[in-house]
1. Sort through ASN131, ASN95, ASN171 and tell me the only one that's touching a residue at least 12 places away in the same chain (Cβ under 8 Å), touching a Ser or Thr at 6+ places or on another chain (Cβ under 8 Å) and open to solvent by 40 Å² or more (accessible area, probe 1.4 Å).
2. Can you tell me which condition LYS109 does not meet? The list is (1) open to solvent by 90 Å² or more (accessible area, probe 1.4 Å); (2) within 25 Å of VAL20 (Cα to Cα), and all the others hold.
3. Which residue is least open to solvent (accessible area, probe 1.4 Å), if the candidates are limited to region 34-83 and must be over 26 Å from SER15 (Cβ atoms) and of a type in the set (Ser, Thr, Tyr)?
4. Being in contact with a helix residue (DSSP H, G or I) (Cβ under 6 Å, 6 or more places away or on another chain), part of a helix (DSSP H, G or I) and open to solvent by 30 Å² or more (accessible area, probe 1.4 Å): is that true of LEU17 here?
5. Given the criterion over 16 Å from the mean Cα position of the chain (by Cα), modelled with pLDDT of 85 or more and exposed (fewer than 12 other Cβ atoms within 10 Å of the Cβ), identify the matching residue among ILE156, ILE180.
Amino acid sequence: MGSIEFLHTLYNTLSRLFLVILLSLLGATIVATISYKYKVVKQLLSPFIVFLRAVPTIAIIILVLIWSTTESVPIVVGSLILFPILYESILGALNNSDVNLLKMSKIYKVPQKRVITDIYIPSVYYSIAPNLPSYIGLTFKVIIAGEVLSQESFSIGGEIFLNKIYLESSNIFAWIAIVIVINYILENGLKRLNYMVSRSYRWK
């Protein structure tokens, strides 16, 4: 494999990862906010969230392979794994927001914008930020598993599957090492970013 093909392979897999993170974070934030405001929505979504958390990842991949195109498998599977985790984390953070601060904001008629930026956002941030690296690491592995089973070309999972066919064990171990390095960089990059944000923005 040439350097161009190698970079193309990394780009395809990492672009799927970042797309899944963006879609899941945006979707989980919106749905969790609605569930926090309207308890009936939370009750209606509860069985679906429990289903996603309980069903084995391989079963979800197979179902998506049956119902969808192979190209969309890694993105759909990654989103279905990450979304319920983020949803429950964000909803839990909203429910655990400082009640006394919320009461005071109502008494003193604090603008809703300030309530969101000074109470809700810090609560959510400090709830999910410490666990976000592990969430991303899990999603990264799930996306690669989806690529393997969907035999996606020009992807890390696709390359692992291709080398498995040709019994190229050394190449498979090389890709595993690359995955470990990428995952290490992502996790430590997120931890560093979290540290910088915490130092720059100290909510009180």
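The values are calculated or read from the model by the stated rules, or taken from the named source; none is laboratory data. All figures in this text were calculated on a predicted structure; none of them were measured in a lab. Virtual Cβ from ideal backbone geometry, glycine too; neighbours counted across all protein chains shown. The protein model used for the area step is the full one, side chains on, heavy atoms only, and it has no ligands, DNA or RNA in it. Shrake-Rupley method; radii C 1.70, N 1.55, O 1.52, S 1.80 Å.
1. Values: ASN95 fails: touching a Ser or Thr at 6+ places or on another chain (Cβ under 8 Å); ASN171 fails: touching a Ser or Thr at 6+ places or on another chain (Cβ under 8 Å).
Going through ASN131, ASN95, ASN171 in turn, the sole match is ASN131.
2. Only one criterion is unmet by LYS109, namely (2).
3. Per the stated criteria, the residue is SER35.
4. Details: in contact with a helix residue (DSSP H, G or I) (Cβ under 6 Å, 6 or more places away or on another chain): yes; part of a helix (DSSP H, G or I): yes; open to solvent by 30 Å² or more (accessible area, probe 1.4 Å): no.
Criteria not met by LEU17.
5. Details: ILE156 fails: exposed (fewer than 12 other Cβ atoms within 10 Å of the Cβ).
Only one candidate qualifies: ILE180.
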